[in-house]
Amino acid sequence: MSDAQLIAGFFYLILGILAVAFLLVSVLVNRSEKRKARDCTVPVTAEIIEIQKRWMDLDADGPRTYSCFPKYRFRWNDKDMEIVDNTGHKEGYQKVGERRTLYVNPDKPEDFYAEGDRLTQILVIVFRLVGIVLLMALVAVFVIGRKITTG
């Protein structure tokens, strides 16, 4: 086996792993969202009482960025509950004092989703498209490579 074939094989492997990873993440997140839609059936009106910023470093030398996570308060079984949404948004997307409808799991009220929040669905679509494009690129590179080596 030549060095070029080893490099090509390594390239195919990396491209295949990336494609499968993107597709797998899209499937798992989609499954989680469907489970939430199935289990979280009780609508409650919640107020945003705080916006929590979580900082992330894109790389060691690059700028820091952050996402904003709303903390909600709502009444559940005659007591106040406070929960933080794990879906981050850009600053200004939501404001303290806003009211939103949450759908809560009656058996586990800390499990919920916010009505009208489409960010996760968009991410599922993007990850699925990236996975499909990577698979198509893998097939195209493989076919072109075979034509070059046999041609």
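With respect to D111, is the statement that it is charged (D, E, K, R), within 12 Å of T41 (Cβ to Cβ) and open to solvent by 60 Å² or more (accessible area, probe 1.4 Å) true? It is false that D111 is charged (D, E, K, R), within 12 Å of T41 (Cβ to Cβ) and open to solvent by 60 Å² or more (accessible area, probe 1.4 Å).
Inclusion of V139 among residues that are under 30 Å from G16 (Cβ atoms), touching a helix residue (DSSP H, G or I) at 6+ places or on another chain (Cβ under 9 Å) and either part of a helix (DSSP H, G or I) or modelled with pLDDT under 90 (or both) is not warranted. Search the stretch 30-70 for residues being within 24 Å of V133 (Cα to Cα) and open to solvent by 50 Å² or more (accessible area, probe 1.4 Å), and hand back the single one that is modelled with the lowest pLDDT. Residue satisfying both the conditions and the ranking: E33. Within the option set G97, G131, being assigned to a loop (DSSP other than H, G, I, E, B) and modelled with pLDDT of 90 or more holds for one residue only, G97. Taking into account only those residues within the stretch 94-107 that are charged (D, E, K, R) and touching an Asp or Glu at 6+ places or on another chain (Cβ under 8 Å), which is most open to solvent (accessible area, probe 1.4 Å)? So the residue we want is R99.
Is it the case that the stretch 72-93 has a residue that's in contact (Cβ under 8 Å) with a residue 60 or more places away in the chain, among the aromatic types (F, W, Y) and open to solvent by 50 Å² or more (accessible area, probe 1.4 Å)? Checked the stretch 72-93: no residue is in contact (Cβ under 8 Å) with a residue 60 or more places away in the chain, among the aromatic types (F, W, Y) and open to solvent by 50 Å² or more (accessible area, probe 1.4 Å).
The values are calculated or read from the model by the stated rules, or taken from the named source; none is laboratory data. These figures come from a predicted structure and were not determined experimentally. We place every Cβ from the backbone using ideal geometry, glycine too, and count neighbours over all the protein chains shown. Accessible surface areas use protein heavy atoms only, side chains included; no ligands, DNA or RNA. Shrake-Rupley method; radii C 1.70, N 1.55, O 1.52, S 1.80 Å.
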